[in-house]
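Remarks on the structure that follows.
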Amino acid sequence: MAQINVTVRLDKDIKESAERLFSDLGMNFSTAVNVFTRQALRQGKIPFEIYDPFYSKENQAELKRRIADIEAGKNLSVHEPIEDEEE
């Protein structure tokens, strides 16, 4: 099977963290990308759930609780406006 090189752009810190994780799992970055790609092809989708934790059931329940407290006059905090440092 012919192999090709693929270029991926990542933040340096993310790449270094990923390399440490993959090393702990006994593989290098290239092998991890191959594992991911093969799993995506086998499953016909991204092989893990992609979500925004903001929309989790737990966070939504907490937001609703806080809104109810505010509407009931509880937990009202006054915050000073944030000054723009460039001004």
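Any read-out appearing in this document is the output of simple, stated calculations on the displayed coordinates, not a laboratory observation. Here the structure is a predicted model, which is why all the values come from computation and not from measurement. Note that each Cβ is placed from the backbone with ideal geometry, even for glycine, and that neighbours are counted across all protein chains shown.
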Q: Might you let me know whether segment 44-53 holds any residue that is over 30 Å from residue 2 (Cβ atoms) and in a helix (DSSP H, G or I)?
A: yes
Q) Within segment 17-53, which residues are within 16 Å of the chain's Cα centre (by Cα) and charged (D, E, K, R)? A) 49, 52
Q) List pairs: first in segment 11-25 and farther than 14 Å from residue 35 by Cβ, second part of a helix (DSSP H, G or I), Cβ under 6 Å, 6+ apart or cross-chain? A) 19/29
Q) Can you find even one residue in segment 42-58 that is β-branched (Val, Ile, Thr) and either exposed (fewer than 10 other Cβ atoms within 10 Å of the Cβ) or in contact with a strand residue (DSSP E or B) (Cβ under 8 Å, 6 or more places away or on another chain) (or both)? A) yes
Q: Could you grab me the full set of residues in segment 21-41 that are surrounded by 10 or more Cβ atoms within 10 Å (Cβ to Cβ) and of a type in the set (D, E, K, R)?
A: 38
Q. Restricting the search to segment 1-19, which residues are more than 21 Å from residue 47 (Cβ to Cβ) and in a helix (DSSP H, G or I)?
A. 12, 13, 16
